1. Within the range 1-30, how many residues are over 25 Å from residue 82 (Cα atoms) and of a type outside the set (D, E, K, R)?
2. Quick one: is residue 124 among the polar types (S, T, N, Q) and buried (at least 16 other Cβ atoms within 10 Å of the Cβ)?
3. Looking at 189, 176, which is the one that is under 21 Å from residue 99 (Cα atoms), among the aliphatic types (A, V, I, L, M), at pLDDT below 80 and part of a helix (DSSP H, G or I)?
4. Residues of the range 11-25 being over 14 Å from residue 97 (Cβ atoms) and of a type outside the set (Gly, Ala, Ser), which ones?
5. Across the range 76-101, what is the number of residues that are under 18 Å from residue 24 (Cα atoms), aliphatic (A, V, I, L, M) and either touching a residue at least 60 places away in the same chain (Cβ under 8 Å) or surrounded by fewer than 18 Cβ atoms within 10 Å (Cβ to Cβ) (or both)?
6. If I go through the range 30-72 residue by residue, how many of them are in contact with a helix residue (DSSP H, G or I) (Cβ under 6 Å, 6 or more places away or on another chain), surrounded by fewer than 21 Cβ atoms within 10 Å (Cβ to Cβ) and farther than 18 Å from residue 109 by Cα?
Amino acid sequence: MEQIKKVVGRLQYNSPVTLTFALISFASLLLGMLTKGVTTNLLFSVYQSSLLNPLSYIRIFGHVLGHANLNHYSSNMLLFLVLGPMLEEKYGSKTFLKMIAITAAVSGLFHIIFYPNVVLLGASGIVFMMIVLSSAAGMVDGKVPITLLLVLVIYLGGEFVGGLGANDGIAHSAHIVGGICGAGFGFLIVRKHNDLLLK
């Protein structure tokens, strides 16, 4: 028992937003399995529904926490847990949480408008935002890192060329929207940082 206490005492909840997101996503997956998809459909998926339904507004944000199965969850969380702590440390937990919420809302609204009859769920749009944002982290004095350009070409270019219009069950539009959000956040943060330096 003493050994367990020592091990637990050494654990650190180092990235609260990242870890909490991953845990809530896992809880929503388990809940979805227990309810045979009812809670996933009600709270953790986005699709066109009545504006009078309060759950419509929850789903605009909540769809990024939902996953179809364990494999879907694992593939998203792998990169999320790798990139999340670095981004959260660099930009702060509050800013990182805002980025996730904005990306969720933008991708959710985009999906409702352009794909009203298709259900969207999963954190892949958030993951794409994080991939592009982490590549944009090296921008200094208005110079664009070549790594950012390569990420945009490889990831987003691939989504545009091979993804849009494909009927493969992958939300390519969410990936593109997430990547655009990540690039936008990167440029805004660098611009804000440069403005502070000039004052």
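1. Going residue by residue through the range 1-30, those that are over 25 Å from residue 82 (Cα atoms) are 1-6.
Add one more test, that the residue is of a type outside the set (D, E, K, R), and what stays is 1, 3-4.
Of the residues in the range 1-30, 3 are over 25 Å from residue 82 (Cα atoms) and of a type outside the set (D, E, K, R).
2. Numbers: among the polar types (S, T, N, Q): yes; buried (at least 16 other Cβ atoms within 10 Å of the Cβ): yes.
Yes: the conditions hold for residue 124.
3. Details: 176 fails: at pLDDT below 80.
Result: 189 is the single residue among 189, 176 that is under 21 Å from residue 99 (Cα atoms), among the aliphatic types (A, V, I, L, M), at pLDDT below 80 and part of a helix (DSSP H, G or I).
4. Start the filter on the range 11-25 by keeping residues that are over 14 Å from residue 97 (Cβ atoms), which leaves 11-14, 23, 25.
Passing the criteria: 11, 12, 13, 14, 23.
5. Let us first name the residues in the range 76-101 that are under 18 Å from residue 24 (Cα atoms), namely 76-85, 88, 93-94, 96-101.
Now restrict to residues that are aliphatic (A, V, I, L, M): 77-79, 81-83, 97, 99-101.
Now restrict to residues that are either touching a residue at least 60 places away in the same chain (Cβ under 8 Å) or surrounded by fewer than 18 Cβ atoms within 10 Å (Cβ to Cβ) (or both): 78-79, 81-82, 97, 99-101.
Qualifying residue count for the region: 8.
6. So the count comes out to 2.
The values are calculated or read from the model by the stated rules, or taken from the named source; none is laboratory data. In this text the structure is predicted, and so the values were computed from the model without any measurement. Neighbour counts run over all protein chains shown; Cβ positions are idealised from the backbone, glycine included.
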